[in-house]
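The values are calculated or read from the model by the stated rules, or taken from the named source; none is laboratory data. Source: prediction; values computed, not measured. So basically every Cβ, Gly included, is an ideal-geometry build from the backbone, and we count neighbours across all protein chains shown. Just so you know, the surface numbers come from the protein's heavy atoms only, side chains and all, with ligands and any DNA or RNA stripped out. Shrake-Rupley method; radii C 1.70, N 1.55, O 1.52, S 1.80 Å.
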Amino acid sequence: MVKYVEVPVGPQHPALHEPIMLRVRLDGEVVEGVDIVTGYNHRGVEKLGEKNSWVRDIYIFSRICGICNAVHAQTYTQGVEKLMGVEPPLRAKYIRTIVMELERIHSHMLINAVMAEAIGFDTLFMLIMRDRERVMHLKEIVTGQRVHADIHMIGGVKRDLRPETAEKVLRVLDYIEARLRYYKKVFEEDYTIRKRLEGVGKISKQEALKHSLVGPVLRASGVPSDVRVDDPYSAYDELKPNIVVRHEGDSLARMLLRWDEALESVRLIRDAIKNMPKGNPVPKAIKRAAGKGEVFSRVEAPRGELIYHIVSTGGPKPYRVKVRTPSFNNIVNSGFAYIGERLADVPVILTSFDPCISCTERVLVVDEKRGLRKWVPFMALSRGEIRVT
Amino acid sequence: MDAWISNVVTLVLEALVFPGFMFMMAMIIFTQWWWRKASARMAYRRGPTRTGPAGTLQPLADFLKLLAKEDITNGLMLRRLPILITSFAAGSIITVLLFTPLSPLALWSPFDIVIVLYLLLWVAVSMALYGLSAPNPYTNLGVGRYLALLTVSEPALFAAFLVPPIVAAGINPSTQYSLYWTIMNAANLWTSSAVNATVMAIAAIAGFFAMLGVMTVKPFDFPEAEGEIYWGMFTEYGGPRLALGFFVLFLEKIILPMLYVMLFLGGAAPFSFADNYVAAFIIVLMKYLAVYTLIALIDTMMPRYRPDQGIRFMIKYAITPATIALIFAVVATAI
């Protein structure tokens, strides 16, 4: 006798903007269990990094994620700078910080818009995305590109921030701040949004720590953890970000925390522009080879702690670059949060984790029952041989 | 005998032309365009602009496009039943307007409100069977949610829609619980006494919520929640079969609010169908458009309830007040 119905959510699903499969086991509408299946979008970026030069890899690794590309470039670049013994000018650090905080604002706006869409609030989705476009415009006038910032360079940034651009950024930020406050109020006060998000996918502080969750998901469960404060990089040691923490641990707390973080980012950008030191942030010559060694680099991406482990054997290319993205922890380890909730809550809970699937993909295959653990070689992957027999 | 043939021909023409099929097609095209424009305005978009004047013919273009597509069916689905059942539903719901004063030669009989409610129920039955004809986990979940919603919203709708004929019979026994005569006396239902006005107000509120549920308008659109179960009942459908399913649902979105306007919002008041048909018809259309716009705005401004939340809402704010209003109406009429 079948005790439950298995419903596949994904790998192609209107609630998911990237391919991932949640095998949901249902008893009526109540979730009995969820298997999270990844592997639909693996691109072999780490391997590609080993084949290319230190400088080219800035562009390769920033393309791991379209939304948080500047933080990928930052994590990689600051690691490589440490390996090469290069210290970027302070002005470059401030410009990098501004770009990363703009990215945090639009990333948090995006996922809140996606949450609105997941609960059928299409109008709110449209309104948030419309305002998010202003942030994308700021990113474009600061970096030259709307989506991929590509402003990081070993030893600095690729272009300076002109005074008139900085002024425009400040002007638009006034508008953005007002809109962020409005949307936060909508999430706080809308009866139906609260009904759909409050108490859904609750994660206690102990559970969040036990399952190694990171970023807003961890902070919404009451753990004050933020790499910008714990291990400051770029200009964060001077700008002093405040860690936003909530204690409810549910989907609503995760979304409201993101609005607060976006508001904190607005403050950080204002402070960065106000206190920006003078000087030339663009490196005159770029170092193209590193000595032997390895480095561990981490930053606070919009989704949480992003880690790069870079190994060099000397020469023009890295020997190994290992990337651990926040989504990998938050998505793969969070199956427990769905149990006991309803099918209608599954997209809500998944969205509240801010999933980035291209960040999550791995091809390490582990079969716990048979004790199998196997890496799939790049060539085998390119031939489509991704199954363990 | 000649009069009998003439009546049959007139009724057939009414069913096919006005207020039947042709009129309904025109109304669907206009109301869908209006809905899309209203929802676009709320989201700072422009909505349809390209096909026809101000994009008015876009729904027709979409409908023709769906009809022109290849009819794809899978190996496990029932092929004839969805077409048969949705055709029955379309026919039955179009027939409903023949029982109203909108129809130049109206059909009526004592207690015909029961027949009207029976005809309205065909939409629910047909949509459930339409979904179940194409087996799929999402379709089954969608149909399950749809039936659960109908279990609470259809009785609430029936109870609420029964109140005006009962009140009308209390005021004027010659209305005999017929839809036609209830609508002809619709303005008196609110003005005859304070008790009747109260009962009508409760039934009007409950009936409105129930109507949203029956039409699966947000926040009650969980049977087709695309972010959760793809598209529920419609998941397996495309092309002409999908067009047929949509046709029935769009018809429901015209007929139900129109009945609501004629029963609860004073019908053609301040005009009367008996004295000035054209003015009465325009007034009904304007009132309908106001209610329809309100429904479109609610659909645009609201997120979706979870199935259990939606059903709980219906029990609290639709079925309970509708039942209370029905009981009060019966008691007040008996006294």
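What is the local net charge at B:Q32, summed over the other residues whose Cβ is closer than 12 Å to its Cβ (Lys, Arg +1; Asp, Glu -1)?
Value of the local net charge: +2.
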Filtered hits (lysines, Cα-Cα < 18 Å from B:K287, offset >= 8 within chain) -> B:K253
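I want the local charge near B:Q309. Using Cβ-Cβ distances under 9 Å, sum +1 for each Lys or Arg and -1 for each Asp or Glu among the other residues. Write down the numbers at each step before the final one.
Values: positive: A:K195, A:R196, B:R306, B:R312; negative: B:D308.
Residues close to B:Q309 contribute a combined charge of +3.
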Interface residues of region A:319-359, defined as losing at least 10 Å² of accessible area versus the chain alone with a 1.4 Å probe, are A:R342, A:L343, A:A344, A:D345, A:P347
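Heavy atoms only, probe 1.4 Å: what % of the accessible area of the protein assembly as shown goes to carbon and sulfur, would you let me know?
Carbon and sulfur together cover 61 percent of it.
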Under the Karplus relation with 6.51, -1.76 and 1.60 and θ = phi - 60°, whole-Hz ³J(HN,Hα) for region A:196-201, x at Gly and Pro, equal 7, 10, 5, x, 8, x
Membrane-span-like helices (DSSP H runs, Cα span along own axis at least 27 Å, mean Kyte-Doolittle at least 0.0) in chain A -> A:90-118, A:122-143, A:251-274
Whole-number value, in Å³ per residue, for the convex hull of the alpha carbons of region B:10-96 is 141
Of A:K158, A:K210, A:K240, the most mobile residue in a GNM of chain A (C-alpha springs, cutoff 10 Å) is A:K210
In region A:190-218, accessible area falls by at least 40 Å² from chain alone to full assembly (1.4 Å probe) for A:T192, A:K195, A:R196
Expressed in angstrom and ordered largest first, the alpha-carbon extents of chain B along the principal axes are 58, 50, 42
The convex hull of the Cα atoms of region A:75-197, divided by residue count, gives a volume in Å³ per residue of 111
Cα-based Debye curve of chain A sampled at q = 0.06, 0.09, 0.10 Å⁻¹ gives log₁₀ I(q)/I(0) of -0.24, -0.53, -0.66
Looking at region B:283-303, residues buried by 50 Å² or more relative to their chain on its own, accessible surface at probe 1.4 Å, turn out to be B:P303
Residues other than B:L121 with Cβ under 13 Å of its Cβ, Lys/Arg counted +1 and Asp/Glu -1, net out at -2
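Count neighbours as other Cβ atoms within 10 Å of each site's Cβ, and list the GluC sites (Glu not before Pro) in region A:164-231 that are DSSP loop with at most 16 such neighbours. Could you put the intermediate results ahead of the total?
Numbers: sites: A:E164, A:E167, A:E177, A:E188, A:E189, A:E198, A:E207; in loops: A:E198.
Passing sites in region A:164-231 are A:E198.
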Residue-normalised value, i.e. accessible area per residue, for chain A at 1.4 Å probe, in Å², stands at 41
Largest fluctuation, A:D345, A:D354, A:D231 only, Gaussian network model of chain A with Cα springs under 10 angstrom, belongs to A:D231
Out of A:T143, A:T123, A:T97, a Gaussian network model of chain A with alpha-carbon springs under 10 Å gives the largest mean-square fluctuation to A:T123
Excluding residues fewer than 8 positions from A:K240 in its own chain, the lysines with Cα under 21 Å of it are A:K93, A:K274, A:K278
Between A:E167 and B:F30, the FRET efficiency computed from the C-beta separation at R0 = 45 Å comes out, to the nearest 0.05, as 0.35
Computed for A with B: buried accessible area summed over both chains, 1.4 Å probe, rounded to 100 Å², at 2400
The rounded separation in angstrom of the Cα centers of region A:308-349 and region B:276-335 is 49
Sequence order, region B:168-175: Karplus ³J(HN,Hα) from phi using 6.51 cos²θ - 1.76 cosθ + 1.60, θ = phi - 60°, Hz rounded, Gly and Pro as x, gives 4, 5, x, 7, 9, x, 6, 5
Dividing the helical contributions, -39500 (n - 2.57) per DSSP H run of n ≥ 4, by the residues of chain A yields a 222 nm value, nearest 500 deg cm²/dmol, of -14500 deg cm²/dmol
With the 1.4 Å probe rolled over protein heavy atoms, region B:121-241 has an accessible area per residue in Å² of 28
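Quote the relative contact order of region A:103-208 in percent (integer), defining contacts as alpha-carbon pairs under 8 Å separated by 6+ residues.
The value is 18 percent.
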Cα-based Rg and Dmax for the protein assembly as shown, in Å, come out at 30.9, 107
Counting only backbone N atoms under 16 Å from a point 7 Å out along Cα-to-Cβ of B:I83, the residues of region B:214-242 in range are B:237-242
Counting only residues 5 or more apart in sequence or on a different chain, those whose built amide H sits under 5 Å from that of A:L26 are A:V5, A:E6, A:V7, A:E32
One finds the C-alpha centres of region B:21-60 and region B:220-254 to be spaced, in Å, by 18
